Amino acid sequence: MTQGLFISFEGIDGAGKSSHIEALAAAFRAQGRAVTVSREPGGTPLAEKLRDMVLHEPMDALTESLLIFAARRDHLRCVIEPALARGDVVLCDRFTDATFAYQGAGRGFDAKVLSILELMVQTGIAPEADLMREPDLTVWFDLAPEVAAERLAGARVPDRFEAQPLEFFRRVAQGYADRAAAAPRRFVRLDAAQSRDRVWQQLFSVFTAKGWLK
Ligand code: TYD
C-alpha cells in the first residue's frame, strides 16, 4: 500500500503559501495520488469553531495555545491520521511550528509548556503507540515582515494576528528560523520574496528531488 505523506506549510501572514498548496495538490492528483488538503487551526467542524474564536475573541496566550492544541488534537484524530492510514498525501496549511512561532516567539509564551502540549496532543493517535506525529516535511515560506505587511495592506479585514504590529511579525519570523534550525532535515526554506513562478519552480523541485513527484 502507498505510504501516507504529511506535509505542512508555514510562514508569516502574507508570505503567499495558499496558492502553492492548491497547485501542489493538483500536481499530486495528476500523478494519481489521493490528497487531503487541510488547515490549522481548523480542518474539522469542532476545530473550525475553535479557529473562529482564536482569530476573533480576545484571550491570553495560554488560552490561545490551549484552544489551538485542542483543535489540533481533533484534527489529528478525525482527519490527519485517517488520511495517512489510507495512504493520502496530507497538505496542511500550518501546523505546530506556527504555535511555536506565533504563541511562543510572537506572544512570548513559554516554549517549554508548548513542548509539553505538543507531546500530549500529537502522541497516542497514530498506530505506533509512542510516535509523536509530526510532518514528514515542512515547507517554510520565508519573507521579510516588511514585505509581507506591504502585500497584506488593504487586502481584507485583518484578524487578531494580521492586526499585530511589524515587531510581532519580526518575532514570529525569528521563531520560524529557530524551529527550522532545530529541525533542519524536516524543514525546507523557500525565499518567498521571489516571483510566484520562481517559488513554484523551487517548490516543485523539492518534491521531485525527494521522488514524491515526477
Ligand atoms: P492563516 O493560516 O494565515 O489563514 P488565512 O490565510 O485564512 O488568514 O491564518 C491563521 C492565523 O492563525 C495566522 O495568523 C496564524 C495563526 N496561528 C497561530 O497563531 N498559531 C497556530 O498554531 C496556527 C496554526 C495559526
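Glu57 satisfies every condition listed in (1) in contact with a Pro (Cβ under 7 Å, 6 or more places away or on another chain); (2) farther than 19 Å from Asp178 by Cα except (1). The sole residue among Thr123, Thr99 that is farther than 27 Å from Ala27 by Cα, more than 12 Å from the ligand (Cβ to nearest atom) and without any contact (Cβ under 8 Å) to a residue 60 or more places away in the chain is Thr123.
Can you find even one residue in the stretch 189-208 that is among the β-branched types (Val, Ile, Thr) and free of Cβ contacts under 8 Å to residues at least 60 places away in the same chain? Checked against the condition, which is being among the β-branched types (Val, Ile, Thr) and free of Cβ contacts under 8 Å to residues at least 60 places away in the same chain, the stretch 189-208 yields at least one hit.
Of Thr63, Thr99, all but one fail to be in a helix (DSSP H, G or I) and surrounded by fewer than 24 Cβ atoms within 10 Å (Cβ to Cβ); the exception is Thr63. Residues in the stretch 174-194 that are within 24 Å of Leu55 (Cβ to Cβ) and touching a Leu at 6+ places or on another chain (Cβ under 8 Å): Ala192 only. Taking the listed residues Asp110, Asp88, Asp93, the one that is open to solvent by less than 50 Å² (accessible area, probe 1.4 Å), modelled with pLDDT of 95 or more and within 16 Å of the ligand (Cβ to nearest atom) is Asp93, with no other qualifying.
Within the bounds of the stretch 27-36, is there any residue that is among the small types (Gly, Ala, Ser) and open to solvent by less than 30 Å² (accessible area, probe 1.4 Å)? There is at least one residue in the stretch 27-36 that is among the small types (Gly, Ala, Ser) and open to solvent by less than 30 Å² (accessible area, probe 1.4 Å).
Can you confirm whether the stretch 12-25 contains a residue that is open to solvent by less than 20 Å² (accessible area, probe 1.4 Å), β-branched (Val, Ile, Thr), outside any helix (DSSP H, G or I) and more than 9 Å from the ligand (Cβ to nearest atom)? No, every residue in the stretch 12-25 fails to be open to solvent by less than 20 Å² (accessible area, probe 1.4 Å), β-branched (Val, Ile, Thr), outside any helix (DSSP H, G or I) and more than 9 Å from the ligand (Cβ to nearest atom).
The values are calculated or read from the model by the stated rules, or taken from the named source; none is laboratory data. Bear in mind that the values here come from a model prediction, so they are computed numbers and not experimental data. All Cβ positions, glycine included, derive from the backbone under ideal geometry; neighbour counts span all protein chains shown. Areas reflect the complete protein model, heavy atoms only, side chains present, ligands, DNA and RNA absent. Shrake-Rupley method; radii C 1.70, N 1.55, O 1.52, S 1.80 Å.
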